[in-house]
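Colleague: Okay, handing you the structure first.
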Amino acid sequence: MTASSRAPQGAGHQESERSPFARLTELLAPYQPGKPLITLSLGEPQHPVPGFVAPVLARHIADFGRYPIAKGIEPFRRAAANWLSTRFELPRGIDPETELLVLNGSREGLFFAAITAARYPAILMPNPFYPAYGAGARAADCEQVYLPTTLANGFLPDLDALDDATLARTVAIYIASPANPQGAVASKDYFSRLKKLADRFGFMILSDECYSEIFTKSPPGSMLESAGPDYANVVVFQSLSKRSNLPGMRVGFAAGDRKFLSLFHELRNVAAPQVPVPLQHVAIAAYSDEAHVEENRRLYRIKFDLADQILGNRYGYVRPAGGFCVWLDVSAKGGDEAATVKLYKDGGVRVVPGSYLARRQPDGSNPGAGYIRLALVQDSETTAEALHRLVEILD
């Protein structure tokens with residue numbers, strides 16, 4: 001398979017493995033923002049925190065005085081399992097005792113999942129990808145196999161390009177739907193095809209679904225819907241960071257294959273920080289309420305309406321199916337780094353180069369090169385101002 005490669009060693013390798021945001025800070029360090037700064041580089045939701053958070057924390061403040069259990073309190077696991085069954089068309093209900101674990105947000109779980117899975121040489125991942133995937137694969141001492149996600153393949157890994165030799169040495173594949181950064185959503189047929197490959201070759205599907213509740217048209221599906229009644233070889237990761245606008249609370253969960261989760265629990269029980277019990281009670285309230293999620297979604301919809309109006313068809317803009325990111329082709333504007341610098345020093349708009357979110361393929365190409373990512377996390381007025389500045393500067 002031409003998409004696969006072990007990342008090369010040396011200075012270039014070390015640079016490529018660094019945080020995209022550390023690299024962005026260095027890129028912009030010589031410059032000052034030309035206008036009051038608007039940050040669209042970081043996917044940190046800025047909508048108001050739900051009103052129920054403070055009262056729930058106050059009621060359970062004494063629980064900060066004891067160590068939490070690693071698997072999560074039973075009421076949290078039951079609430080998360082109930083939400084999954086309500087939100088998605090599952091083959092059967094998730095067993096909260098054996099098929100669901102609390103997480104410190106999805107990032108921590110996605111990292112430790114690679115270490116839990118490691119027994120073969122390779123872990124596959126989309127390219128561009130969320131940095132936790134690569135960090136987990138490196139910690140597990142697995143080869144990182146990059147699957148380019150480009151406009152030509154709908155911004156999802158091309159399953160037809162995976163050859164048997166690569167799949168035979170694969171321990172796990174990361175998949176994100178909605179995708180970060182492009183917002184592509186996998187169909188049920190796509191998930192079903194991926195599940196058949198996982199069953200045939202015996203690898204785990206680590207499905208990152210933290211953006212599943214941010215969409216403007218059809219609700220994205222879940223890998224669990226195509227996993228079969230035993231959920232074998234499938235684990236999904238969810239978080240309240242995006243769904244409930246709680247990025248600082250660090251609560252999410254993993255659900256699916258009970259054999260994998262048993263091993264996952266054993267590792268996290270000694271290696272990962274436990275989730276404080278008061279935060280789990282907030283999460284129970286969050287997973288029991290949809291009104292704040294619908295309001296969150298409405299606010300993002302307003303901002304994508306603005307993007308539709310202001311960007312039009314410039315820079316290959318297409319309203320994404322899910323998530324809150326915009327993926328713009330600036331290859332005709334000097335490339336992603338040049339456009340990022342120009343937007344910052346001339347317009348005070350901070351974005352992230354797409355090449356920083358991806359890795360080089362064996363042929364030397366970078367699937368993120370020529371793109372910039374914007375996270376529409378600011379309020380609608382600030383977002384509109386940033387988009388107007390972007391068009392004025394790049395045009």
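The values are calculated or read from the model by the stated rules, or taken from the named source; none is laboratory data. Please read all numbers here as calculations on a predicted model, not as lab measurements. Here the Cβ is made from the backbone with ideal geometry for all residues, glycine too, and neighbour counts use every protein chain on show. Keep in mind that these areas ignore ligands, DNA and RNA; they rest on the heavy atoms of the full protein, side chains included. Shrake-Rupley method; radii C 1.70, N 1.55, O 1.52, S 1.80 Å.
Colleague: Please identify every one of the trypsin sites (Lys or Arg not before Pro) in the range 109-212 that sits in a loop by DSSP and has no more than 14 other beta carbons within 10 Å of its own beta carbon.
Modeller: Passing sites in the range 109-212 are 119.
Colleague: Round to a whole angstrom and tell me the spacing of the C-alpha centers of the range 217-231 and the range 190-209.
Modeller: Each part reduced to its Cα centre gives a spacing of 12 Å.
Colleague: Which distance in nm do the two modelled labels at residue 141 and residue 26 give, with both placed 7 Å along the Cα-to-Cβ direction?
Modeller: So the label points at residue 141 and residue 26 sit 2.8 nm apart.
Colleague: Hey, another quick one. Quickly work out the residue 395-to-residue 289 label distance, labels modelled 7 Å from Cα along the C-beta direction, and quote it in nm with one decimal.
Modeller: The two pseudo-label positions are separated by 4.1 nm.
Colleague: Where does the chain land at 222 nm, in deg cm²/dmol rounded to the nearest 500, when only DSSP H runs of n ≥ 4 count, each adding -39500 (n - 2.57), divided by all residues?
Modeller: Calculated mean residue ellipticity at 222 nm is -12000 deg cm²/dmol.
Colleague: If you roll a 1.4 angstrom probe over the protein chains with everything in place, what fraction of the accessible area of the range 271-314 belongs to carbon and sulfur, to the nearest %?
Modeller: Values: 890 of 1810 Å².
Accessible surface attributable to carbon and sulfur in the range 271-314 totals 49 percent.
Colleague: Continuing with the same structure: Which residues make up the longest stretch of the chain clear of GluC sites (Glu not before Pro) that lie in a DSSP loop with no more than 15 other Cβ atoms within 10 Å, not counting the sites?
Modeller: Values: sites that count: 17, 89, 97, 290.
Looking at the chain, 98-289 is the longest stretch - no exposed GluC sites (Glu not before Pro) with at most 15 other Cβ atoms within 10 Å.
Colleague: Moving on. FRET efficiency for residue 158 and residue 192, Cβ-Cβ distance as r, R0 = 22 Å, nearest 0.05? Kindly include the intermediate steps, with their values, before the conclusion.
Modeller: Numbers: r = 16 Å, r/R0 = 0.72.
The computed FRET efficiency comes out at 0.85.
Colleague: Continuing with the same structure: Is there a quick way to get the dipole size of the range 158-238? I mean about its Cα centre, with the Cβ of Lys and Arg at +1 and of Asp and Glu at -1; what is the value in debye to the nearest 20?
Modeller: So the dipole magnitude of the range 158-238 works out to roughly 60 debye.
Colleague: May I pose another question? Taking Rg and Dmax of the Cα atoms in Å straight from the coordinates, which label in (1) 21.4, 71; (2) 19.5, 63; (3) 20.5, 57 is the correct one?
Modeller: Here Rg and Dmax of the Cα atoms in Å agrees with entry (3).
Colleague: Moving on to the next point. Could you tell me what percent of the accessible area of the range 125-240 is made up of carbon and sulfur, with a 1.4 Å probe and every protein chain present?
Modeller: That fraction is 53 percent.
Colleague: Turning to a different aspect of this structure: Tell me, what ³J(HN,Hα) does each residue in the range 69-84 have, in order and in whole Hz, if you take phi through Karplus 6.51 cos²θ - 1.76 cosθ + 1.60 with θ = phi - 60° and put x for Gly and Pro?
Modeller: Result, ordered by residue: 7, 5, 7, x, 5, 4, x, 5, 4, 5, 5, 5, 5, 5, 5, 4 Hz.
Colleague: While we're looking at this one, here's another question. How much accessible area per residue does the chain have, in Å², with a 1.4 Å probe?
Modeller: The answer is 40 Å² per residue.
Colleague: First measure r as the distance between the Cβ atoms of residue 365 and residue 69, then evaluate 1/(1 + (r/R0)^6) with R0 = 51 Å and state the FRET efficiency to the nearest 0.05.
Modeller: Working: r = 47 Å, r/R0 = 0.92.
It comes out at approximately 0.65.
Colleague: Just how large is the dipole of the range 67-108 about the Cα centre, in debye to the nearest 20, putting +1 at every Lys and Arg Cβ and -1 at every Asp and Glu Cβ?
Modeller: 100
Colleague: State the percentage of accessible surface on the range 13-78 attributable to carbon and sulfur atoms; use a 1.4 Å probe and exclude ligands, DNA and RNA. Please list the in-between numbers first.
Modeller: On the way: 2330 of 3890 Å².
The C+S portion of the solvent-accessible surface of the range 13-78 is 60 percent.
Colleague: Right, next: Measuring from centroid to centroid over Cα atoms, what is the spacing of the range 116-180 and the range 316-395 in Å?
Modeller: Taking the Cα centre of the range 316-395 as reference, the centre of the range 116-180 is 24 Å away.
Colleague: Would you please give the FRET efficiency between residue 168 and residue 17, computed as 1/(1 + (r/R0)^6) with r the Cβ-Cβ distance and R0 = 30 Å, to the nearest 0.05?
Modeller: The calculated FRET efficiency here is 0.70.
Colleague: If you take every residue apart from residue 384 with its C-beta less than 13 Å away from the C-beta of residue 384, what net charge results, scoring Lys and Arg +1 and Asp and Glu -1? Mind showing how you got there, number by number?
Modeller: Numbers: positive: 303, 389; negative: 305, 308, 379, 381, 385, 392.
Residues close to residue 384 contribute a combined charge of -4.
Colleague: I've got another one for you. When only DSSP loop residues count, what chymotrypsin sites (Phe, Trp or Tyr not before Pro) in the range 17-90 have their Cβ near at most 16 other Cβ atoms within 10 Å? It would help to have the intermediate numbers written out before the result.
Modeller: On the way: sites: 21, 31, 52, 64, 76, 83, 88; in loops: 31, 52, 88.
Taking the range 17-90 and a limit of 16 other Cβ atoms within 10 Å, the loop chymotrypsin sites (Phe, Trp or Tyr not before Pro) found are 31, 52.
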